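*Asks:* Before we start, here is the structure in question, set down as structure tokens.
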Amino acid sequence: MTELPLSQDQIEELNAAQADALDDDYASLGRQLARRGIAIKAIRDGVAGFSVAIPSWGAGRGGTRFAKFPIAGEPTNIHEKLADCAVVNQLSRATPRVSPHFPWDKVSDYAALREEAESLGLGFDAVNSNTFQDQPGQPHSYAAGSLTANDVAVRQQAIDHNIECIEIGRQLGARDLTVWIGDGTNFPGQQDLTRSFDRYLDSASQIYRALPDDWRMLIEHKLFEPAFYSTVISDWGSSILAAQELGPKAKCLVDLGHHAPNVNIEQIVARLHRFGKLGGFHFNDSKYGDDDLDSGSINPHQLFLVFNELIEAERNNPGDFAPAYMIDQSHNVTDPIESMIASAESIVAAYAKALLVDRAALHLAQERNDTMMAFQTLRQAYRTDVTPILAKARAEAGGAIDAIAAYRASGWRDRKAQERTKVGLGAGIV
Ligand code: AOS
Ligand code: ZN
Ligand code: ZN
Ligand code: ZN
């Protein structure tokens, strides 16, 4: 039986007080869209069918390498993280799956963990392996690399860990393995750039062979950090080469904060899709690098343009288009629940705006080389305030019209501050 964490009655009560104003705004937007030949109901249905996974680690306060500042009532284990993720989903109704990270979320009984998640209205999304840190008691260190290490025993340990993640994921009902490695160098000459990539291909192919038929291996690239001179899987080029070498179940995962400054990420999306290699997304926002700021907080226009390409991709490939969408953020200065609610809303808003693009007009303008009309077609969609559509879809699914206000009214964090073990100080997870 599903038992959601917050009082549904309280959510309904708060919604009732805002229902008239929302109906008014929704009707007005409906008339505006009708004049543009768009049925608001179709957009609302699209929004209702869209979801994004949230990361288990996103439920805790993140931090930088300098410090982590925990908040009272922060979750300390996967059970408490699931409860917080269930709060996000109960209010937003857009985040029904959690992406776990191992060994951070290790438990002794995964069938029980799956049931626990189900009872909270949640499922599991892509499983993330971790060979970028050493764990207590681990026989070999990843100090000189993991899947690309010179030492065959280190590589084998990293391969075995990924295979174990697949096995855990099977028990949790996941179907994707996301592999991000920090392997690389800090000094010119430290490693042979070709041989380290060859070692990656060799290790990754052994993981690939352990994938069930209906699974995908999502290769996540990142330009730099923790390696600052060269990173083995640094860009979408290295990622797609590896994915092509490995086979059809290997795809590329795009984290929005993992590129060189000013790179045209939406074009990368188009390229990966063209060659059948777009596998997933880590949503966040960034000003300088892998900042892991809240989605849409810095560059909401880029988020819209990414979704514009995703919708083009979906239309060009109906039936076979299911990238794994996930939030990957570090909530250093906010309550993580509030950040995930706000980020999910930004992501759904970007999706809704991309649905509003008049594709026939856009394609015609492109054919006629009518640059201004092509741009204006995108601009008109981007300028539209889709808030009433999102709020309606949320309320209809049982969520809150004003999700952050409802969260604050619930007193959840204060209650958890009384119940949960205090998190210690220290450096954060980046
Ligand atoms: C690291 O920079 C990547 O974004 C990964 O997705 C990583 O596994 C995740 O951020 C958890 O640390
Ligand atoms: Zn990521
Ligand atoms: Zn990252
Ligand atoms: Zn990031």
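*Asks:* Counting Lys and Arg as +1 and Asp and Glu as -1, each charge on the Cβ, what is the dipole of segment 113-215 about the Cα centre in debye, to the nearest 20?
*Replies:* The dipole magnitude comes to about 260 debye.
*Asks:* Using the count of nearby Cβ atoms within 10 Å as a rough guide to exposure, how do 101, 282 rank from fewest to most?
*Replies:* Fewest-to-most Cβ neighbours within 10 Å comes out as 101, 282.
*Asks:* Treat every Asp and Glu Cβ in the chain as -1 and every Lys and Arg Cβ as +1, leave all other atoms uncharged, and give the resulting dipole magnitude about the Cα centre to the nearest 20 debye.
*Replies:* 700 debye
*Asks:* Hey, another quick one. Restricting to DSSP H runs of at least four residues, report the calculated mean residue ellipticity at 222 nm for the chain, -39500 (n - 2.57) per run over all residues, nearest 500 deg cm²/dmol.
*Replies:* Mean residue ellipticity at 222 nm (helix-derived): -15500 deg cm²/dmol.
*Asks:* Sorted from fewest to most neighbouring beta carbons within 10 Å, what does the list 390, 172 look like? Could the numbers behind the result be given before it?
*Replies:* Numbers: 390 26, 172 20.
The most exposed by this proxy come first: 172, 390.
*Asks:* Quick check for me: using +1 on Lys/Arg Cβ and -1 on Asp/Glu Cβ, what's the dipole size of segment 243-328 about its Cα centre, in debye to the nearest 20?
*Replies:* Its charge dipole is roughly 400 debye.
*Asks:* Per 10 Å bin, what is the whole-percent P(r) computed from every C-alpha pair distance within segment 314-365?
*Replies:* Per 10 Å bin, starting at zero, the Cα-Cα P(r) for segment 314-365 comes out as 19, 35, 28, 15, 3 percent.
*Asks:* Considering only 161, 240, 206, whose Cα is most displaced toward the positive end of the charge dipole of the chain, charges sitting on Cβ of Lys, Arg (+1) and Asp, Glu (-1)?
*Replies:* Sorting the options by dipole projection puts first 240.
*Asks:* List the trypsin sites (Lys or Arg not before Pro) within segment 18-94 that fall in a DSSP loop (any state other than H, G, I, E or B) and whose Cβ has at most 13 other Cβ atoms within 10 Å.
*Replies:* On the way: sites: 31, 35, 36, 41, 44, 61, 65, 68, 81, 93; in loops: 36, 61, 65, 93.
Here the sparse-neighbourhood loop sites are 36, 65.
*Asks:* Taking a threshold of 21 Å on the Cα-Cα distance, which of the pairs 68/422; 287/416; 81/353; 251/287 fall above it?
*Replies:* Where the Cα-Cα span goes over 21 Å, the pairs concerned are 287/416; 81/353; 251/287.
*Asks:* Would you grab the residues whose amide H sits under 5 Å from the one on residue 255? Only those 5+ places off in sequence or on another chain, please, with H modelled 1.01 Å from N.
*Replies:* It is 221, 282, by chain and number.
*Asks:* Rounded to the nearest 5, what % of DSSP beta bridges with both residues in the chain are antiparallel?
*Replies:* Bridges in the chain are about 15 percent antiparallel.
*Asks:* For the chain, modelled as a GNM with alpha-carbon contacts under 10 angstrom, which of 350, 16, 48 fluctuates the most?
*Replies:* 16
*Asks:* Now for a different question. Ranked highest first by the average count of other Cβ atoms within 10 Å around their residues, in what order do 226-233, 261-268 fall?
*Replies:* So the peptides 226-233, 261-268, ranked by packing, come out 226-233, 261-268.
*Asks:* I'd like to know which of 293, 281, 270 lies farthest towards the positive end of the charge dipole of segment 252-308, counting +1 on Cβ of Lys and Arg and -1 on Cβ of Asp and Glu.
*Replies:* Among 293, 281, 270, the one farthest towards the positive end of the dipole of segment 252-308 is 270.
*Asks:* Considering the chain as a Gaussian network with a 10 Å cut-off on Cα pairs, which listed residue, 326, 340, 372, attains the greatest mean-square fluctuation?
*Replies:* 372
*Asks:* What residue among 239, 108, 129 has the largest mean-square fluctuation in a Gaussian network model of the chain, using Cα springs under 10 Å?
*Replies:* 108
*Asks:* Using DSSP to call loops (not H, G, I, E or B), can you name the chymotrypsin sites (Phe, Trp or Tyr not before Pro) in segment 33-75 whose Cβ has at most 12 other Cβ atoms within 10 angstrom?
*Replies:* Passing sites in segment 33-75 are 66.
Values in this text are rule-based calculations from the coordinates and carry no lab data. Worth saying up front: this structure is predicted, and the values here are computed from it rather than measured. In this analysis, Cβ positions are derived from the backbone assuming ideal geometry, glycine residues included, and neighbour counts consider all displayed protein chains.
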